[in-house]
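The values are calculated or read from the model by the stated rules, or taken from the named source; none is laboratory data. Just so we're clear, the structure is a prediction, and the values are computed from it rather than from any experiment. Ideal geometry is used to build each Cβ from the backbone, glycine not excepted, and the neighbour counts take in all protein chains shown. Surface areas here come from the heavy atoms of the whole protein model, side chains and all, with no ligands, DNA or RNA. Shrake-Rupley method; radii C 1.70, N 1.55, O 1.52, S 1.80 Å.
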Amino acid sequence: MDTAIKVAFASTDMKHIDQHFGAAESFAIYAINPDEAQLAEATQFGKLAMDGNEDKLDAKIKALDGCVAVYSQAVGASAVAKLKAANIQPIKVSNGAVIADLIEALQDELRQGPTAWLAQAIKRMQGPNAARFDAMEADGWDE
């Protein structure tokens, strides 16, 4: 799954979205491509209160390094700002949303053509296109 994207889901049972991002006790992190999805990692944080303590956000965002998105039942404004700065798209879904259904919807989107945020995330993952220099040279570009 070399071309897979990583996506996190705030979940205590690893099957349903049932956590607010800031107070999430755990995340299920999946590697997803258009044809398959694999649980790559499960992170644990223990019980946390929704107390406005911003320090806990940094540890969570660090744990989600490499993820393009995180699904949760809610996410605060400061967490949204920090997630966006880390190139992680926060996605709010209803409490109890089924992770398998969300993965299937993402796979459909990957097959049919990603939305703007997902296309940007994939582009960031791929990095700069080295072939662009060949195209520039073919157009007569000279240093």
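Key figures for this structure:
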quantity	calculated
Residues that are within 24 Å of P114 (Cα to Cα) and over 16 Å from the mean Cα position of the chain (by Cα), drawn from region 17-35	D35
3 or more residues under 25 Å from Q44 (Cα atoms) and open to solvent by 60 Å² or more (accessible area, probe 1.4 Å): qualifying helices (runs of 4 or more DSSP H) within region 62-128	77-85, 99-112
Top-ranked residue of region 1-42 - restricted to ones that are polar (S, T, N, Q) and open to solvent by 10 Å² or more (accessible area, probe 1.4 Å), ranked as modelled with the lowest pLDDT	T3
Answer from L48, L57 - the residue that is at pLDDT below 95, part of a loop (DSSP other than H, G, I, E, B) and surrounded by fewer than 19 Cβ atoms within 10 Å (Cβ to Cβ)	L48
